[in-house]
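Below is one structure; the comments refer to it alone.
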């Protein structure tokens, strides 16, 4: 076992950067797969005419509040569903590429490699591949906001765009950052980010919601409260899923990344604000049907600022620890909970679907997006 860990450590820190990145990303795709979000077609319907509500079913109104990406697709004249899928897949790839470019430009080589391994260990790194859709745009906007930490003038407009894409996730994510920042002052601990930036980002998110309300009123788009309506209507169902499957749901939020969180917790008092803020997010698991994606996304700004992009923490990790994290990430299946149930990698489905389209092999259901559920 020692030899294996030593070999992995050498691979992570001694191999060419291009080789490490290429192999790691290839493994991540095999572990996760690439599949479209089950409700992507509903989002595509909105993109045909983003200035009306196409849904009579009130359960679908929440889709209209995720308005930015359908509007962008309409603006770019992306008409068919396949192109709409590729449009969002482009954002998924951008999320990965921007993160890699960020750590390699900001950190020393060793810290950049460590950050890449930690990033892969958290399910959020491939959430936008497992389900290609609106999350792809949401995560890119969050990452761009992280890039704007030293440019407050950028945080507000980027926050507006995030609020127009997914107000609830942006509100919770940056609200948690502000809470952790306030707790840092209370614990007299040094915060790894500026609270002014988090406040500017949150104000932008709130402003983005108001912009959407103005647009909807101007064009006479009638919608209910969206995700709040969904929670009110289905809260008993969501609570039941969490009650019966809470062990797997909790594990799926960070997966192997929980080991990284535990390591950070070992710092004691400085880690308390992060841990308390994360604990404050966990009750959301009982109010969501797609538990892993919701918590992975809303916790991403906290995880990124405190763990993935925190040079002090990255430098504190030994090569052996990072090698163990990498090894566990490779062998442990990708964790994903939907309606409480574990879902497996979509990669086998990808292969079967491609072989069916190319050669007519295997049988494929008439509604492939729901195939793996």
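Rule-based calculations on the coordinates, nothing more; no lab input. Keep in mind it's a predicted model, so treat the numbers as computed, not measured. Here the Cβ positions follow ideal geometry from the backbone for every residue, glycine too, while neighbour counts run over all protein chains shown.
Using 0.36 nm times the number of residues separating residue 357 and residue 41, minus their current alpha carbon distance, what extension gain do you get? Could the numbers behind the result be given before it?
Numbers: separation 316, 0.36 × 316 = 113.76 nm, distance 2.00 nm.
Contour length minus the Cα-Cα distance gives 111.8 nm.
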Handout entry: Mean Cα-pair separation over length for the range 216-373, i.e. relative contact order, pairs under 8 Å, 6 or more apart, %
Key = 26 percent
Fill in the blank from the handout: For the pair residue 26 and residue 187, the simple spin-label estimate (label points 7 Å beyond Cα toward Cβ) gives in nm 4.1 nm
Fill in the blank from the handout: Quick calc: nm separation of the 7 Å Cα→Cβ label points for residue 152 and residue 315 -> 2.7 nm
Handout entry: Gain upon complete extension [residue 364, residue 341; 0.36 nm per residue less C-alpha separation]
Key = 6.0 nm
Practice task
Averaging sequence separations of C-alpha pairs under 8 Å and six or more residues apart, then dividing by the length of the chain, give the relative contact order as a whole percent.
Solution key: 25 percent
Exercise for the section: Report the full-extension gain for the segment residue 287 to residue 265: residue separation times 0.36 nm, less the Cα-Cα distance, to one decimal in nm. Expected result: 5.3 nm
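Could you give the Stokes-Einstein D for the chain in µm² per second, using the C-alpha Kirkwood radius, 4 °C, 1.567 mPa s? Write out the running numbers ahead of the final one.
Values: Rh = 21.4 Å.
Estimated diffusion coefficient is 61 µm²/s.
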Fill in the blank from the handout: Computed, not fitted: 222 nm per-residue ellipticity of the chain from DSSP H runs ≥ 4 (each -39500 (n - 2.57)), nearest 500, equal to -22500 deg cm²/dmol
Problem - Neighbour-count ranking [beta-carbon atoms within 10 angstrom, fewest first] of 306, 97 - result: 97, 306
Practice task
Sticking with the crude label model, points 7 Å out along Cα→Cβ, report the distance from residue 248 to residue 213 in nm, one decimal please.
Solution key: 4.0 nm
Problem - Rounded FRET efficiency, nearest 0.05, which uses the C-beta distance separating residue 331 from residue 55 and R0 of 51 Å - result: 0.75
